[in-house]
């Protein structure tokens, strides 16, 4: 069964040039487009399918500090604040709520790992706490199956609604002037003197300099078909 995703219309024509081209219309791509446009940067976003038609509509929507690498915790805290601000910025609901997240532990070793993480992360400002089995059942208002030894819980972590959040941010980016073309795959990157000069798409060429590759699992395939030949599966700034 496919997720229900809020539809985002495509622009009809590819501009001849832009300050930045973003490849990928998931949560990373549309957020990058929004914040660049908010700073006066002209942006074109191209997506081979539809906005949020891949992983961004199929995840759990978690916006969390819990269990992050300690180096990521300050960024995660800042992210939660941004999600609080989206309804005001966008005039649209993203489904975000600070419902809390709980990690249950089945062994003393798991609890020990959570305690070690908490000792490092707590000075950075998170509100995580350890729960015993009785506190877990009280929090969930349900009898827990199995023999949980304890849990790590953060009340202020939250989740957005994958089916609407990315689309809402995409529409906010469009209101700031971002051009979005769906069903428009990027096919390669042209260079001059060792620097990016344009992106080749199914609808033509867009002259640009920096390119943000935010194609998720498809990034590696794109890199192998372009002048870059290294494997990649995340987000990459190409300049």
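Could you list all residues from the range 128-149 that are under 30 Å from the mean Cα position of the chain (by Cα) and outside any loop (DSSP other than H, G, I, E, B)?
Going residue by residue through the range 128-149, those that are under 30 Å from the mean Cα position of the chain (by Cα) are 128-131, 136, 139-140.
Scanning the range 128-149 gives 129, 130, 131, 136, 139, 140.
Select, from 74, 3, the only residue that is in a helix (DSSP H, G or I) and either in contact with a helix residue (DSSP H, G or I) (Cβ under 8 Å, 6 or more places away or on another chain) or within 30 Å of residue 184 (Cβ to Cβ) (or both).
74
In the range 6-29, what residues are out of contact with any strand residue (DSSP E or B) (no Cβ under 7 Å at 6 or more places or on another chain) and assigned to a helix (DSSP H, G or I)?
Passing the criteria: 27, 28.
Quick one: would you say residue 40 is on the phi > 0 side of the Ramachandran plot and either outside any helix (DSSP H, G or I) or crowded, with 20+ Cβ neighbours inside 10 Å (or both)?
yes
Yes or no, residue by residue, for (1) farther than 30 Å from residue 116 by Cβ; (2) more than 16 Å from the chain's Cα centre (by Cα); (3) outside the structural domain of residue 112 (by TED's automatic domain parsing):
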residue: 9; (1), (2), (3): yes, yes, yes
residue: 13; (1), (2), (3): yes, yes, yes
residue: 37; (1), (2), (3): yes, yes, yes
residue: 43; (1), (2), (3): yes, yes, yes
residue: 48; (1), (2), (3): yes, yes, yes
residue: 68; (1), (2), (3): no, no, no
residue: 75; (1), (2), (3): no, no, no
residue: 89; (1), (2), (3): yes, yes, no
residue: 92; (1), (2), (3): yes, yes, no
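Restricting the range 97-124 to residues that are over 19 Å from residue 62 (Cα atoms) and part of a loop (DSSP other than H, G, I, E, B), which is nearest to the chain's Cα centre (by Cα)?
Per the stated criteria, the residue is 106.
Across the range 141-162, what is the number of residues that are closer than 25 Å to residue 83 by Cα and either touching a helix residue (DSSP H, G or I) at 6+ places or on another chain (Cβ under 6 Å) or exposed (fewer than 14 other Cβ atoms within 10 Å of the Cβ) (or both)? I'd like the intermediate steps shown before the answer.
Residues of the range 141-162 that are closer than 25 Å to residue 83 by Cα, as a first pass: 152-162.
Okay, now just the ones that are also either touching a helix residue (DSSP H, G or I) at 6+ places or on another chain (Cβ under 6 Å) or exposed (fewer than 14 other Cβ atoms within 10 Å of the Cβ) (or both), so 152, 162.
Going through the range 141-162 one residue at a time, the tally reaches 2.
Can you confirm whether the range 22-35 contains a residue that is more than 18 Å from the chain's Cα centre (by Cα) and without any contact (Cβ under 8 Å) to a residue 12 or more places away in the chain? Step through it out loud before you land on a result.
Within the range 22-35, the subset more than 18 Å from the chain's Cα centre (by Cα) is none.
No, that holds for no residue.
Scan the range 50-62 and give yes if some residue there is outside any loop (DSSP other than H, G, I, E, B), out of contact with any helix residue (DSSP H, G or I) (no Cβ under 7 Å at 6 or more places or on another chain) and either surrounded by fewer than 21 Cβ atoms within 10 Å (Cβ to Cβ) or without any contact (Cβ under 8 Å) to a residue 40 or more places away in the chain (or both), otherwise no. Show your work before the answer.
Our first condition is that a residue be outside any loop (DSSP other than H, G, I, E, B); within the range 50-62, this holds for 55-57, 62.
Subsequent filtering for residues that are out of contact with any helix residue (DSSP H, G or I) (no Cβ under 7 Å at 6 or more places or on another chain) retains 62.
Going one step further and asking which of them are either surrounded by fewer than 21 Cβ atoms within 10 Å (Cβ to Cβ) or without any contact (Cβ under 8 Å) to a residue 40 or more places away in the chain (or both), we end up with 62.
For the range 50-62, residues outside any loop (DSSP other than H, G, I, E, B), out of contact with any helix residue (DSSP H, G or I) (no Cβ under 7 Å at 6 or more places or on another chain) and either surrounded by fewer than 21 Cβ atoms within 10 Å (Cβ to Cβ) or without any contact (Cβ under 8 Å) to a residue 40 or more places away in the chain (or both): present.
Give the residues of the range 169-209 that are within 30 Å of residue 82 (Cβ to Cβ), in contact (Cβ under 8 Å) with a residue 24 or more places away in the chain and surrounded by fewer than 16 Cβ atoms within 10 Å (Cβ to Cβ), sorted by residue number.
Scanning the range 169-209 gives 177, 183, 209.
The values are calculated or read from the model by the stated rules, or taken from the named source; none is laboratory data. Note that this is a predicted model, so its numbers are computed, not measured. Here Cβ is always computed from backbone atoms with ideal geometry, including for glycine, and neighbour counts include all displayed protein chains.
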